[in-house]
Amino acid sequence: MTLLTIGINYNTSPLVIRERLALPTELLSEALLDLRKTAGINEIAILSTCNRTEFYCRLTNNNQQIIIDWITQRSKLPQDELAPYLYCHSGPELIRHMFRVACGLDSMIIGEPQILGQMKTAYHAAYEAGTLGKHLGKLFQHTFSAAKKVRTDTAIGSSPVSVAFAAVRLAQKIFDNLNQQTAILIGAGETIELTARHLHQQKIGQIIIANRTYDKAHTLAAQFNGYAITLAELPIHLAKADIVVSSTASQLPILGKGRFESAIKERKHKPIFIADLAVPRDIEPEVSQLEDIYLSTVDDLQYAIDENLDARRQAAEKAEEIIDTQVEYFLSWMRSQGAQSTITDFRQQAEQTRETTLTSARIALKNGADPEQVIEQLAHSLTNKLLHTPSVQIRQAGINERHDLIAAARELYKLKKQKKISE
């Protein structure tokens, strides 16, 4: 059995490729069950965010091609086009990779906290789909523990740096003072909530939340003294927006060039800053061609923020040390699983010996034997039976000069040299 991960991220592939592999949360279960049907896949989980899509799996062999074939078939990308962007990790490298991802060490912005929640979503989706087993399930649990330790023992999450924060900071560079501006936030998920929180802290003039489900938008908007609209109402309100931040799970663009042309005319060419944080993109790329429009995607935001990163880089060094230790802990657990069947057999054999000896003692008591003698005979008989086979094997090891087995026996039973009784 082999544990491995195959994936792409913002470092290895452009946005246009990541869009093709992205899997919305509502499609995870279907994808997991489809993959689980593939011969050779014993356990499978999928992490899909705007910056990465990764497949964590346990295979009967190291045939990673079965995962690649499924990816190419679903994404409709020829394998020769996809292959240059893929990476694969197995063994200790896989464990370290998962720990680093969960801690935010592999993120576009070091230490960003959202990825841990996204990894937990991946875990729960696989758990609900029944595609997790003992090994992958244990690896996820250890991953969460490692991430918690890094967050507790380092300052990696102390500075407010995230994609949402980067978008707000970029907006501040375009509009010096946000308290006179109106922001339309499209979506109602974690990224939009975080964006709304940052904007509210910067005393944004007005927040409007647009979402497919009005109730979710209203609940979120109420937290920040804003108001909610449906996606269908967006064209009516778009001209009010100085700032547009979008992060939905839509598979098609929500707003195109024509909508923004109309909005800019109505605004008399007052500028609009747009941060498209969605993958696939919510805003048609052609919108960037319009004058007085400043459109940034998640890739652009990689260059939009420098503050607080030095402190996080220093914390990351300590985090890497913690991860090294946690990787060794998990590897020790995995190594112990190789001996588990032997331990089980050993205990079952001892249990059978105990049961046979106990049965004899009960019969003796039933026949009127002295209880004290029965107990003494029970202890003597049980000791002899448990030690007989090891004693024979050790004696034979001595005859065959198998000093390694004799040393192993001393280590297993923690034997100390006994002093000889002088005559």
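Computed from the coordinates by the stated procedures, all read-outs in this text should not be read as laboratory data. Predicted model only: the values in this text are computed from it and were never measured. Every residue, glycine as well, gets a Cβ built from its backbone with ideal geometry; the counts of neighbours run over all protein chains shown.
Taking all Cα pairs closer than 8 Å and separated by 6 or more residues, the relative contact order of the chain comes to 14 percent. Take each peptide in 194-201, 30-37, 118-125, 131-138, count the other Cβ atoms within 10 Å of every residue, and average; sorted highest first, the result is 194-201, 118-125, 131-138, 30-37. Applying 0.36 nm per residue to the separation of residue 334 and residue 197 and subtracting their alpha-carbon distance, the gain on full extension is 45.1 nm.
A simple spin-label model places pseudo-atoms 7 Å from Cα toward Cβ; at residue 406 and residue 286 they are separated by 8.6 nm.
With all pairs of separate Cα atoms included, region 214-261 yields a Kirkwood hydrodynamic radius of 12.1 Å. What separates the Cα centres of region 162-199 and region 109-140 is a distance of 28 Å. Once volume of the Cα convex hull per residue in Å³ is calculated for the structure shown, the corresponding label among (i) 239; (ii) 117; (iii) 129 turns out to be (i). The long axis of helix 114-129 is offset from the longest Cα principal axis of the chain by roughly 60 degrees.
The label-point distance for residue 144 and residue 413, in a model that sets each label 7 Å from Cα toward Cβ, rounds to 4.4 nm.
Which FRET efficiency, nearest 0.05, do residue 39 and residue 349 yield, Cβ-Cβ r, R0 30 Å? Let's see the in-between values first.
On the way: r = 36 Å, r/R0 = 1.19.
After rounding, the FRET efficiency stands at 0.25.
On the beta carbon distance between residue 127 and residue 314, with R0 = 35 Å, the FRET formula returns roughly 0.45. If one takes the longest principal axis of the Cα atoms in the chain, at what angle in degrees, from 0 to 90 and to the nearest 10, does the Cα axis of helix 190-201 lie? The helix 190-201 is inclined about 60 degrees to the chain.
Roughly what % of Cα-Cα distances in region 350-405 sit above 19 Å, to the whole percent? Display every interim value, and only then the final one.
Values: 686 of 1540 pairs.
Here the long-distance tail beyond 19 Å is 45 percent of all Cα pairs in region 350-405.
Under the 0.36 nm per residue contour assumption, what length would be gained going from the current alpha-carbon distance of residue 366 and residue 219 to full extension?
Details: separation 147, 0.36 × 147 = 52.92 nm, distance 7.43 nm.
Taking 0.36 nm per residue and subtracting the Cα distance, the gain is 45.5 nm.
Each of 21, 290 was scored by other Cβ atoms within 10 Å of its Cβ. Listed from fewest to most, they are 290, 21. Would you mind pulling out the separation of the Cα centroids of region 319-371 and region 265-287, in Å? Each part's Cα centre sits 64 Å from the other's. Of 316, 379, 164, the residue with the greatest mean-square motion in the GNM of the chain, using alpha carbon springs below 10 Å, is 379.
Assuming a viscosity of 0.890 mPa s and a temperature of 25 °C, what translational diffusion coefficient in µm² per second does Stokes-Einstein assign to region 163-303, Rh being the Kirkwood radius over Cα pairs?
Values: Rh = 14.6 Å.
The calculation lands on 168 µm²/s.
For the chain, the longest principal axis of the alpha carbon atoms and the long axis of helix 371-399 meet at an angle near 80°.
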